[in-house]
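Data first, discussion second: the structure below is written as structure tokens.
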Amino acid sequence: MTTTKYIFVTGGVTSSLGKGIIAASLAKLLQAQGYRTTIQKLDPYINIDPGTLNPYEHGECYVTDDGAETDLDLGHYERFLNVPTSQSNNVTTGRIYQSVIDKERRGEFLGKTVQVIPHITDEIKHRVQILGQTGDYDIVITEIGGTVGDIESLPYIEAVRQLKWDLGESNAIVIHLTLIPYLSAAGELKTKPTQHSVKTLMESGVMADVLVCRTEHELPDEIRHKLAKFCNVRPEAVIQSIDASTIYDVPNLMLEQGLDKVVLKKLMLKSIAPDLTQWNQFLTRHKNPKGEVIIGLIGKYVELQDSYKSILEAFIHAGAENEVKVQIESIHSEYITEKNAGKKLKHLHGVLVAPGFGERGIEGKIAAVRYVREHNIPFLGICLGMQMAVIEYARNVLGLQDANSTEMDETTTNPVIDLMESQKDVINKGGTMRLGSWDCQLIEGSTAKNIYGTSIVKERHRHRYEFNNGFKQQLEASGMKATGLNPETGLVEIIEIPSHNWFVAVQYHPEYKSTVANPHPLFVAFVKAALNYKN
Ligand code: GLN
């Protein structure tokens, strides 16, 4: 007997319609009515996880508490729901095939031919139901990556078809997200691509229960009725998703459209008015800032919208908390030099040096750190950003000219950042970094301790290199303090310069844990410091 209800979200017509935001918004509305809801993403690519993809391919790699390297949509799920996700919330084709092939090698299918149907589809069905079977959730929303009709999506659509049968009509439904393009020459909204996409879904035996239609213009009634008639859904199940000025408006837009009501009715669950009090308080603060600060975001993927997603969202949360607009100025680290740093940075109220890998752009990051350190501009360094801060200090304060990370220069005589001991024998690249949540003990009297207000914090990591404790004494004696340490290994997780206005850098990624309900304290304090600096 199943008690958990399943909602599948598929996409049609084009990619990038925002399935993740629709799924997260619906989940928010269901959660706000008391349903324990989680969201899962199935990605139809063959990588085991996105950990080995660069941001040009895939945007940010999001990391969960349990150390899974996942799709950035999981970040949206956590930011909307304020509930942690895990490895089970993101499954790729690579992972599905790997487990089926491992089973075959163990002899679990002995005597049988292993095939896409039923073996791969069974594995997909199993992965979909893992979260439901924990008993922790009333509703599991599963977002199917890609677009209906893609070759690589076929096994997923087939698994959805089977699950709809296995679980029964009121236990599993499909929401299909499509695009209603507007032809300005004709002055018309067009339904045909949606009709075709629904038809493609039907060719695989799956009927959409709800249509969510992305559109730049309001859908008139006649368009809704036309869509309902040609796509086999009820008129009230044609939901308009009009372009919003912020993703955080989408839950309210979906509420106005009655998406939650239609879904709950189909699932034969009670619907009540969702309690969005806290959410709407956040929105009010976000939309009515009393001031503005300009923060420089220094990285090498700044031209890409998605590569620093969690950092940008964390600034939205922290801005709302401080009731200011955080204007982000993205600055490409490759083009920063000691010479032009002042010109590029002097008007900023705070500077964040972003995480990253490899040599490209790092000298620019170091030059940026030097400028903000010498000019007392509030600074937050994250992961590689912290490593750059240590290198800069070692070079320009300690006078260790060739100080570097062994990631960039294996032959440096001053490896102030070095490969972690545990990494030295690692050969495989996938899933082998220091990942997930680790304890960090905060030193009494430090800025970090004051900000968090507690002695031990848990933060998420994704790196191979670390602060080299061989240089700790020297750095501390000259004014850079290690203020957060892993209690078991002594790894340095936070550094500060107490004589500076506000200079904090962390080896972990605070951005992954910032949510609407819980803006991250470090980001909140950094924005506040920027505001104080501005005034
Ligand atoms: N490349 C650095 C390391 O592996 C930093 C990684 C990061 O910024 N996430 O340690």
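The values are calculated or read from the model by the stated rules, or taken from the named source; none is laboratory data. Note that this is a predicted model, so its numbers are computed, not measured. No Cβ is skipped: glycine too gets one built from the backbone with ideal geometry, and neighbour counts run over all protein chains shown. Heavy atoms of the whole protein, side chains included, go into the accessibility calculation; ligands, DNA and RNA do not. Shrake-Rupley method; radii C 1.70, N 1.55, O 1.52, S 1.80 Å.
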Checklist line | Kirkwood-Stokes translational diffusion coefficient of the stretch 1-101, alpha-carbon pairs, 4 °C, 1.567 mPa s, µm²/s | finding: 89
Next item on the list: Inverting the mean 1/r over all pairs of different Cα atoms, compute the Kirkwood radius of the stretch 404-483 and quote it in Å.
Entry: 14.5
Note to self: I want to check the label-to-label distance for H217 and W165. Put each point 7 Å from Cα in the C-beta direction and report it in nm to one decimal.
What the structure shows: 4.2
Next item on the list: Let me have the 222 nm mean residue ellipticity of the chain computed from DSSP H runs of 4+ only, each contributing -39500 (n - 2.57), with the sum over all residues rounded to the nearest 500.
Entry: -10500 deg cm²/dmol
Next item on the list: Above 18 angstrom, tally the Cα pairs of the stretch 91-137 and express them as a % of all pairs, no decimals.
Entry: 33
Next item on the list: Could you size up the charge dipole of the chain around its Cα centre, putting +1 on the beta carbon of Lys and Arg and -1 on that of Asp and Glu, and report it in debye to the nearest 20?
Entry: 920
Margin query: Between helix 221-231 and the chain, what is the angle of the helix's C-alpha long axis to the longest principal axis, kept within 0 to 90° and rounded to the nearest 10?
Written below: 70
Next item on the list: Specify the angular offset, from 0 to 90 degrees and rounded to the nearest 10, of the alpha carbon long axis of helix 192-203 from the longest principal axis of the alpha carbons in the chain.
Entry: 80
Note to self: Let's test this: bin the Cα-Cα distances of the stretch 395-535 at 5 Å from zero up to the farthest pair and state each bin's percent.
What the structure shows: 2, 9, 16, 21, 19, 16, 11, 5, 1, 0, 0
Next item on the list: Rank by packing, highest mean first: peptides 197-205, 384-392, 333-341, with packing defined as the count of other Cβ atoms within 10 Å averaged across residues.
Entry: 384-392, 197-205, 333-341
Checklist line | the chain: angle of helix 384-396 to the longest principal axis, Cα-based, in degrees nearest 10 | finding: 10
Item checked: Two-decimal ratio, the chain, of alpha-carbon radius of gyration to 2.2 N^0.38 Å -> 1.04
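At a 1.4 Å probe, what is the % contribution of carbon and sulfur to the accessible area of the chain? Please report the intermediate quantities before stating the final value.
Numbers: 11020 of 22390 Å².
Result for the chain: 49 percent of the exposed heavy-atom area is carbon or sulfur.
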Margin query: I'd like the antiparallel share, as a percent to the nearest 5, of DSSP beta bridges with both residues in the chain.
Written below: 30
Note to self: As an exercise, find the ratio Rg/Rh for the stretch 452-535 from alpha-carbon atoms, using the Kirkwood inverse-distance average for Rh.
What the structure shows: 0.98
Check: Which of V116, N414, S271 sits closest to the plus end of the dipole of the chain, meaning its Cα is farthest towards the positive end, when Lys and Arg get +1 and Asp and Glu get -1 on the C-beta?
Finding: S271
Notebook entry, point to check: Averaged per residue, what accessible surface does the stretch 242-366 expose to a 1.4 Å probe, in Å²?
Noted result: 46
Item checked: Dimensionless Rg ratio for the stretch 241-392, taking C-alpha atoms and the 2.2 N^0.38 Å reference -> 1.35
Notebook entry, point to check: Which distance in Å, rounded to a whole number, links the C-alpha centroids of the stretch 333-377 and the stretch 195-238?
Noted result: 50
Checklist line | Global geometry of the stretch 212-274, whether rounded, prolate or oblate, following the gyration tensor of its Cα atoms and the 1.5 cut on a/c | finding: oblate
Next item on the list: With a 1.4 Å probe and every protein chain left in place, work out the accessible area per residue of the stretch 84-163 in Å², rounded to a whole number.
Entry: 46
Next item on the list: Could you pull out which residues in the stretch 404-433 have an amide N less than 17 Å from a spot 7 Å beyond the Cα of R105, following the Cα-Cβ vector?
Entry: 427-431
Notebook entry, point to check: With charges only on Cβ, +1 for K and R and -1 for D and E, what is the dipole size of the stretch 375-431 about its Cα centre, in debye, rounded to 20?
Noted result: 160
Next item on the list: Report, in whole Å, the centroid distance computed from the Cα atoms of the stretch 102-151 and the stretch 241-282.
Entry: 30
Check: Given K300/K472; K19/K125; K287/K309, which pairs have Cα atoms separated by over 22 Å?
Finding: K300/K472
Note to self: So if I take the centroid of the Cα atoms in the stretch 390-422 and the same for the stretch 67-90, what is the distance between those two points in Å?
What the structure shows: 34
